[in-house]
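*Asks:* Please find one structure pasted underneath; my questions will follow.
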Amino acid sequence: MEFNLKNRVCLAPMAGITDGDFCKKYDCFSIYTIGGYNLDKATYLASKEIKKRGRKEFTIELDKFNDYIVNEIKKIDGIVSVNVRFLDIDEAYDKLKIIAKYADIIELNCHCRQREITSLGIGQELMKNKELLKKFLISMEKLKVLKFLKIRLNYISIRELIDNLNGVREYFDGLHVDCYYPNKDYPDIESLKILREEFKDKIIIGNNSINSLERAKKMLKYSDLISVARAVLNNNIDWIYKL
């Protein structure tokens, strides 16, 4: 699928924040990522526990989700990506079909590090569990929509990450890469560069700590697009128009 992109900047998903109404406030993004959303009972209950700790989450009742997500996607004038979490692909599949019908991209969350999610063996644990990841992606193969993986660097080694992704590379179209660098206030560009070399055939979105024109240009050396989150919350977006 070819996109007519107005620029190379995307809105990253933010739990409990990036829904259709939030996206409508901005006209400066090529791709609007909403979510992450929970598609089965296990992740729905986990999110309710996360909220008890004071973190923001989307806790949409599962029997109301299909109507909800269609409405949220239709609010957005642009390319829409929906970040999702689930443990039971069979329970989630009906919701995935609805998302695929109305959105442009389904982004599988291999990124969340909240213990309520990781204890289920999903979120960032999916980067380790290549068999479960493969099961999910094979089940999603018939959905007529682009499939992206939202991943986090430096949770497992770059070599293990590449090996595991190579095991499923025929089933996904893009990588949304959080260039997380432990104990640093800047992104791990070197690991992103390695991923770019390994996955030249995939769309790559670089993410993490992009808050200026200078940082954006550095990340765009090794990614097709970049995404921002905290910069938006801090209303630091003037540089996006300059880019």
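Where a number appears in this text, it was derived from the coordinates with a stated rule and is not lab data. Given the structure is predicted, the values throughout are model-derived calculations rather than measurements. Heads up, the Cβs are rebuilt from the backbone with ideal geometry, glycines too, and the neighbour counts pull from every protein chain shown.
*Asks:* Only four residue types carry charge here, +1 at the Cβ of Lys and Arg and -1 at the Cβ of Asp and Glu. Report the dipole size of region 81-221 about the Cα centre in Debye, rounded to the nearest 20.
*Replies:* Here region 81-221 has a charge dipole of around 280 debye.
*Asks:* Any chance you could list P(r) for region 1-59, counting all Cα-Cα pairs in 10 angstrom bins from zero, rounded to whole %?
*Replies:* So the P(r) values, bin by bin, are 22, 40, 26, 12, 0.
*Asks:* In addition: Taking the chain on its own, what percent of its Cα-Cα pair distances exceed 24 Å?
*Replies:* 41 percent
*Asks:* Give the whole-number value, in cubic angstrom per residue, of the convex hull volume spanned by the C-alpha atoms of region 68-134.
*Replies:* So the per-residue Cα hull volume is 101 Å³.
*Asks:* Next question. Can I get the semi-axes of region 44-162's equivalent ellipsoid? Compute them from the C-alpha gyration tensor as square roots of 5 times the eigenvalues, in angstrom, largest first.
*Replies:* After diagonalising the Cα gyration tensor, the semi-axes are 23, 19, 14 Å.
*Asks:* Additional query: Write out the trypsin sites (Lys or Arg not before Pro) in region 161-243 meeting two conditions: DSSP loop, and at most 14 other Cβ atoms within 10 Å of their Cβ.
*Replies:* Within region 161-243, the qualifying trypsin sites (Lys or Arg not before Pro) (loop, at most 14 other Cβ atoms within 10 Å) are 184, 200, 221.
*Asks:* Under 17 Å between alpha carbons, and skipping anything fewer than 8 positions from residue 193 in its own chain: which lysines qualify?
*Replies:* Correct list for residue 193: 150, 202, 217, 218, 221.
*Asks:* At a Cα cut-off below 17 Å, give the lysines reachable from residue 97, other chains included and same-chain residues fewer than 8 away excluded.
*Replies:* Once the sequence-local lysines are set aside, what remains near residue 97 is 64, 74, 135, 142, 144, 147.
*Asks:* Which residues among region 142-182 fall inside the zone where the amide N is under 20 Å from a point 7 Å beyond the Cα of residue 91, along Cα→Cβ?
*Replies:* none
*Asks:* What dipole magnitude, in Debye to the nearest 20, does the chain give about its Cα centre under +1 on Lys/Arg Cβ and -1 on Asp/Glu Cβ?
*Replies:* The calculation lands at about 480 debye.
*Asks:* Still on this structure, I have one more. Can you tell which of 226, 82, 108 lies farthest toward the positive end of the dipole of the chain, using +1 and -1 charges on the Cβ of basic and acidic side chains (Lys, Arg; Asp, Glu)?
*Replies:* 226
*Asks:* Moving on to the next point. Just flag the GluC sites (Glu not before Pro) in region 54-105 sitting in loop per DSSP whose Cβ has no more than 15 other Cβ atoms within 10 Å.
*Replies:* Here the GluC sites (Glu not before Pro) that fit, given the DSSP loop and packing criteria, are 61.
*Asks:* According to a simple spin-label model (label point 7 Å from Cα along Cα-to-Cβ), what is the distance in nm between residue 139 and residue 200?
*Replies:* 3.5 nm
*Asks:* Shifting gears a bit: Per DSSP H run of n ≥ 4, the term is -39500 (n - 2.57); total these for the chain, divide by its residue number, and report the mean residue ellipticity at 222 nm rounded to 500 deg cm²/dmol.
*Replies:* The helix-only estimate for the chain comes to -10000 deg cm²/dmol at 222 nm.
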